[in-house]
Amino acid sequence: MTDRLGELTAAGVAVWLDDLSRVRLSSGGLDQLRREKHVAGVTTNPTIFAKALSDADEYNWQLKDLATRGIEVEEAVRMLTTYDVRWACDVMRPSYDGSDGVDGRVSIEVDPRVAHDTDRTVAEAKALWWLVDRPNLFIKIPATEAGLAAITATLAEGISVNVTLIFGLDRYSAVMEAFLAGLEQARANGHDLSTIGSVASFFVSRVDSEIDKQLEKIGSEEARALRGKAAVANAQLAYERYTEVFSSDRWQALADAGAHPQRPLWASTSTKNPDYRDVIYVEELIAPGTVNTMPESVVTAYAEHGETRGDTITGAYDAARQVFADLAAVGIDMAEVIATLEREGVEKFEASWSELLDGVRNSLTAAAQGTGTPNEAAKGNAEAAEQAGGNA
């Protein structure tokens, strides 16, 4: 039987799972994916945690203890989520050790409500790093204007970072600049650069969802012919910028000091349009030194029928630029599209976070009053949280 995920890994793409739950941990499911499906990392978000909480009785004992102690909801959320992420870090530790600290990473997100506050983002990043206390942790920080400074400051503390919610090329360039500056400050602060990791999460399918909607509205034959092309072209041009930055003299000086590059991570890789191939955002984004974080459904789909055709990015830059020229010709304003996606991305994360808080609040109340199981109380919020969006 063809090991398609093994072929993808051999082509230089690290397969990460965009999901986590206590059931997945306690059942050994995550460890099985690591051992049998080449899964080498984990990403999470508030939507994922809200769903996990509503689906499993395995949180009940901790919720009851938290309620008995009178723990406030925001602290309870952090205790619940860091418990799972710490456990996941331990499960993924063999991948971390076996890759010299490059893979085996597990991400946890700062409170997205502080995405526009640099100081609060850095403070929370430091608190999460301390709470989880595992070397293979990533702190997820949104790539807002305020987030850029927070990325640099967090890396300067020796803390590894997953930069999330990147949609546009210019913002991606700014993220790489923030990364380099952070490592330079970390080196000046005496940190061992070889222990600091980072990925830049470049969102994919949401770009097609937004642009396809506008192309349908334009309605011309030329416009409709461009559906489903923007997201891959956008990511391909991001990889071009990555190769330029990480072949510079500035980067080489950091590499000589032991630093690992900030890999591009393709996020939001599940296909939203059923007319498109279900693994298109994996097959069309294969290149050395990349990460693709996928829901388990996409991991399974690629294992069953994914095609690894070698590097599908490096030779595609001119064609990708032509896609954007054609989009502009039919009236698509990419700057406006990216601004919309960035704004909505933060809003969706904030909504998911609020739903997670509401679910935990209801669970704590149920546990304190003895009115049903805590996870039953959370179920009313989970669907709304999933609708609000996340990394998917």
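Quick rundown of the values:
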quantity	calculated
Relative contact order of the chain, pairs being alpha-carbon contacts under 8 Å that are 6 or more residues apart, as %	24 percent
Percent of alpha-carbon pairs separated by more than 20 Å within segment 59-171	46 percent
Cα centroid of segment 150-208 to Cα centroid of segment 50-64, whole Å	33 Å
On Cα atoms only, tilt of 374-388 relative to the major axis of the chain in degrees	20 degrees
MRE, 222 nm, helices only [DSSP H, n ≥ 4, -39500 (n - 2.57), over the chain, to nearest 500]	-18500 deg cm²/dmol
Length gained when the stretch Trp130-Thr300 is fully extended (0.36 nm per residue, less Cα-Cα span)	57.8 nm
Tilt relative to the chain, helix 60-69 - C-alpha long axis, 0 to 90 degrees, to 10	60 degrees
Relative contact order (percent, whole number), segment 1-81, Cα cutoff 8 Å, 6+ residue spacing	29 percent
Tilt relative to the chain, helix 73-91 - C-alpha long axis, 0 to 90 degrees, to 10	70 degrees
With at most 15 neighbouring Cβ atoms within 10 Å, loop GluC sites (Glu not before Pro) (DSSP) excluded, longest segment of the chain	73-306
Electrostatic dipole magnitude of segment 31-163 [Cβ: Lys, Arg +1; Asp, Glu -1; Cα centre; debye, to 20]	180 debye
Per residue solvent-accessible surface (Å²) - segment 66-191, probe of 1.4 Å	36 Å²
Cα pair count fraction exceeding 29 Å, expressed as % - the chain	41 percent
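The values are calculated or read from the model by the stated rules, or taken from the named source; none is laboratory data. Just so we're clear, the structure is a prediction, and the values are computed from it rather than from any experiment. When we count neighbours, we look across all protein chains shown, and the Cβ atoms used for this are built from the backbone with ideal geometry, even at glycine. What goes into the accessible areas is simple: the full protein's heavy atoms, side chains included, and nothing from ligands, DNA or RNA. Shrake-Rupley method; radii C 1.70, N 1.55, O 1.52, S 1.80 Å.
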